[in-house]
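See below for the structure under consideration.
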Amino acid sequence: MCRHLAFLGPPTSLADLLLAPAHGLLTQSWAPRRQRNGTMNADGFGAGWYAPGDPVPARYRRAVPMWADASFTDVARVTTSTAVLAAVRSATPGTTPDEAAAAPYTDGNWLFSHNGRVDGWPTSVAALAAQLPPARLLSLEARVDSAVLWALVQDRLAAGAAAPEALATVVADVSAATTGRFNFLLTDGTTIAATAAGDTLCWRRNGSGTVVASEPSDDGPGWHQVPDGSVLTATAEHVDVRPIVPRRTEPA
Ligand code: GLN
C-alpha cells in the first residue's frame with residue numbers, strides 16, 4: 001500500500017525532504033523497502049505544506065508517479081516549509097484513479113493521509129454507513145476508501161476531539177465494524193498525529209526536525225519503529241507513542 005511522511009522542523013525544502021534522501025518518498029514510489037502490501041506506488045502522489053503566516057496548507061497532487069512529474073522537481077526545489085505531509089499512492093482496487101483520490105486530503109488547516117485499505121471495498125462501505133450520514137457518503141471528493149475514513153476523522157474533529165483521539169477512535173470504530181489497515185497521518189502544521197494499524201510506521205527526531213513516515217528515508221541513526229496498534233503524537237521537539245484502546249463489544 002502507499003507510503004507517506006509528515007515533517008515538522010526548521011525550514012526545509014520539499015526536495016531535501018522527499019527527493020534527495022537515498023530511500024525517501026521518491027525512491028519509495030518505485031522501490032519501498034518495508035512495504036508489506038504492493039510493490040510500487042505509481043498511482044499518483046501528493047505533497048501538502050504550510051507557508052509562513054498562512055495556516056491553510058497548499059497542495060500539489062498528480063495522478064502520475066512521482067518520478068514521472070518533472071515539474072514537481074522544480075516546485076520541490078524552491079518550496080521550503082516548516083510543516084509538510086506527503087504521500088505516494090498504490091491505489092486499492094475499485095477506487096478512483098484520479099488526482100482527487102491522491103493524499104493529502106485537506107479541510108481548513110488540516111492535511112490527512114491514509115496508508116492502507118478497507119477490506120472488501122467498495123462493498124464493505126456498507127459496514128461503515130452506520131457511522132456516516134448518506135449525504136456525506138454522496139458528497140465525498142473521490143470514490144476511495146480513504147475519503148470515507150477522512151470523513152469519519154473530520155466528524156470527530158468537528159465534535160471537538162483532539163487529533164490523536166480523532167484518529168484512534170476512528171481506527172477503533174472502523175476495526176469494530178470491518179477489517180483493513182488504517183495507518184493515518186494528520187497535521188495542522190504544528191503537531192502530527194499518526195496511527196500504526198496494519199502497516200509499518202517509524203519516526204526520527206533530531207536537529208533537522210521530526211519525521212513520521214511509513215519507513216526510514218535513509219540508513220542513518222535515530223529511526224524508531226512504532227508498534228502496531230499505536231497512536232503517535234509529535235511536535236518538532238517531542239514524540240509520544242501510546243496504544244490504541246480497542247472498542248469493547250457490549251455484552252448481548
Ligand atoms: N486505499 C487508499 C487508496 O486507494 C490507500 C492505498 C494505499 O495505502 N496504498 O488510495
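The values are calculated or read from the model by the stated rules, or taken from the named source; none is laboratory data. The model shown is predicted, which means the values in this text are computed figures rather than measured ones. Cβ sites come from the backbone with ideal geometry, for glycine too, and all protein chains shown count toward neighbours. Keep in mind that these areas ignore ligands, DNA and RNA; they rest on the heavy atoms of the full protein, side chains included. Shrake-Rupley method; radii C 1.70, N 1.55, O 1.52, S 1.80 Å.
So here's what we get for this one:
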read-out: Span from the region 200-243 Cα centroid across to the region 109-143 one, whole angstrom; value: 27 Å
read-out: The chain: relative contact order in percent, alpha carbon pairs under 8 Å with at least 6 residues between; value: 22 percent
read-out: Signed unit charges on C-beta, dipole axis of the chain, positive-most listed residue HIS114, LEU186, ALA100; value: HIS114
read-out: Environment charge of ALA101, counting only residues whose C-beta is closer than 11 Å and scoring Lys/Arg +1, Asp/Glu -1; value: -2
read-out: Neighbourhood net charge (10 Å Cβ-Cβ; Lys/Arg +1, Asp/Glu -1) for GLN28; value: +2
read-out: Per residue, in Å², the accessible surface of the chain once ligands and nucleic acids are set aside, probe 1.4 Å; value: 42 Å²
read-out: Rh by Kirkwood over Cα pairs, then Stokes-Einstein D for the chain at 0.692 mPa s and 37 °C, µm²/s; value: 184 µm²/s
read-out: Percent accessible area from carbon and sulfur atoms, the chain, protein chains only, probe 1.4 Å; value: 56 percent
read-out: Phi to ³J(HN,Hα) by Karplus 6.51 cos²θ - 1.76 cosθ + 1.60 over region 157-172, Hz, x for Gly, Pro; value: 5, 5, 7, x, 5, 6, 4, x, 5, 4, 5, 5, 6, 5, 4, 5
read-out: Cα-derived Rg over Rh, computed across region 5-89 with Rh taken as Kirkwood radius; value: 0.96
read-out: Charge dipole (debye, nearest 20) of the chain; +1 at Cβ of Lys and Arg, -1 at Cβ of Asp and Glu; value: 320 debye
read-out: Distant-in-sequence amide H partners of THR179 (H built 1.01 Å from N, under 5 Å); value: ASP119
